[in-house]
Amino acid sequence: MGKQVLVVGLGRFGAAVARTLYGMGDEVLAIDIDSQLVQSIADEVSHAVTADATDPDALRQLGVGDFDTAVVAIGSNVQASILTTLNLRECGCRYIIAKAVTTQHAKILERVGADRVVFPEYETGVRVAHTLTARAVLDYLDLGPGYGIAEIRLPSSFVGKTLDELELSERHKLTLIAVVRGNEVLLHPRRDLRLAAGNILVVAGRDSDLEALRD
Ligand code: ATP
C-alpha cells in the first residue's frame, strides 16, 4: 500500500509533487488557501481541501498528525511556510519536507522542525548547468561539493568496447551504477557487456572526472 502524504501549497512545485505521488499510488491530501487551485487539482489527488495551513486548528481538523509525510511547498510567503512547518510538527507529523527560497529560510525551517529542506529552483539550476557544460551529460545529481552522479551519453571512443576493456574505475576514477539500453536498465552490468552507440552510462564520481568523459 502507498504512503499517506500531505502536500501544503499547490503552486507549480507542490502541484507537481502531489500529482506525481498520487500517480505512484500514494494517498495524497492536497491543501491550499486558494480554492481555485484546490478545485483544479481535485480529480488528480485523493482529497483536495481549501484551508489556511498557518491555522493549527484547521490542520488538526484535517487529521494531519496521521500522515507519514508532509511536504510544505510554500516558498515566497516565508512566514506562512515557517508557521505551517511548525504547526505540522506540533500536530505530530512524522516526516516533514519543506521548500526554502534562501539559506536563512532553510535554517529557520530546520529549527522549527523540518526533517529535510529542498531548494527546487537552486537544485534544478545546478543540474541544468552540469548538463550544459558537458553536452554528453543528460542529467546530474549533486552529491556534495565537487561530486555527483551523471547520466552520460556513451562517448564515441567507448562504442564497441566491453566494460572490462574500459576500466572505468581504474582509468577514469568513476563508479558505474547502471547502463541504460533503450528502455532496459542494467544494474550491476556484467564486465563483458559490450557497449553500443546510444547507450547511456550512469556513473558517480568527481565532477572533473565526469566532465572528462565528454566526447
Ligand atoms: P511555485 O514556485 O511552486 O509555483 P510560488 O513560489 O509561485 O510557488 P508560493 O508563494 O511559494 O508560490 O506559494 C505556493 C502555494 O502556497 C500557493 O498556491 C499559495 O496559495 C499557497 N499558500 C500560501 N500560503 C498558504 C497558507 N497559509 N495555507 C495554505 N496554502 C498557502
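The values are calculated or read from the model by the stated rules, or taken from the named source; none is laboratory data. What you see is a predicted model; the values in this text were computed from it and never measured. Heads up, the Cβs are rebuilt from the backbone with ideal geometry, glycines too, and the neighbour counts pull from every protein chain shown.
Flag: Leu21 matches the condition of being assigned to a helix (DSSP H, G or I), among the hydrophobic types (A, V, I, L, M, F, W, C), within 22 Å of Glu123 (Cβ to Cβ) and away from the ligand (no atom under 14 Å from the Cβ).
One residue stands out in region 62-98 among those that are in contact (Cβ under 8 Å) with a residue 12 or more places away in the chain and near the ligand (Cβ under 7 Å from one of its atoms): the one that is surrounded by the fewest Cβ atoms within 10 Å (Cβ to Cβ), namely Ser76. Can you say whether Ala15 is of a type in the set (A, V, I, L, M) and without any contact (Cβ under 8 Å) to a residue 24 or more places away in the chain, as far as the supplied structure shows? When the stated conditions are applied, Ala15 does not pass them.
Of the residues that sit in region 99-121 and are away from the ligand (no atom under 12 Å from the Cβ), crowded, with 17+ Cβ neighbours inside 10 Å and β-branched (Val, Ile, Thr), which one is farthest from Asp142 (Cα to Cα)? Restricting to residues being away from the ligand (no atom under 12 Å from the Cβ), crowded, with 17+ Cβ neighbours inside 10 Å and β-branched (Val, Ile, Thr), the top hit is Val112. Within region 89-122, the set of residues being on the phi > 0 side of the Ramachandran plot and touching a strand residue (DSSP E or B) at 6+ places or on another chain (Cβ under 7 Å) comprises just one member, Gly113. Return the residues of region 182-192 that are crowded, with 16+ Cβ neighbours inside 10 Å and either modelled with pLDDT of 95 or more or outside the structural domain of Phe158 (by TED's automatic domain parsing) (or both); say none if nothing qualifies. Result: no residue meets the conditions. Selection of region 1-18 for residues being within 6 Å of the ligand (Cβ to nearest atom), surrounded by 14 or more Cβ atoms within 10 Å (Cβ to Cβ) and on the phi < 0 side of the Ramachandran plot yields Val8, Leu10, Gly11, Phe13, Gly14. Restricted to region 33-47, and to residues there that are closer than 13 Å to Val7 by Cβ and in contact with a Ser or Thr (Cβ under 9 Å, 6 or more places away or on another chain), the residue that is nearest to the ligand (Cβ to nearest atom) is Leu37. Suppose the filter is in a loop (DSSP other than H, G, I, E, B), of a type in the set (S, T, N, Q) and within 14 Å of the ligand (Cβ to nearest atom); does Thr54 pass it? Criteria met by Thr54.
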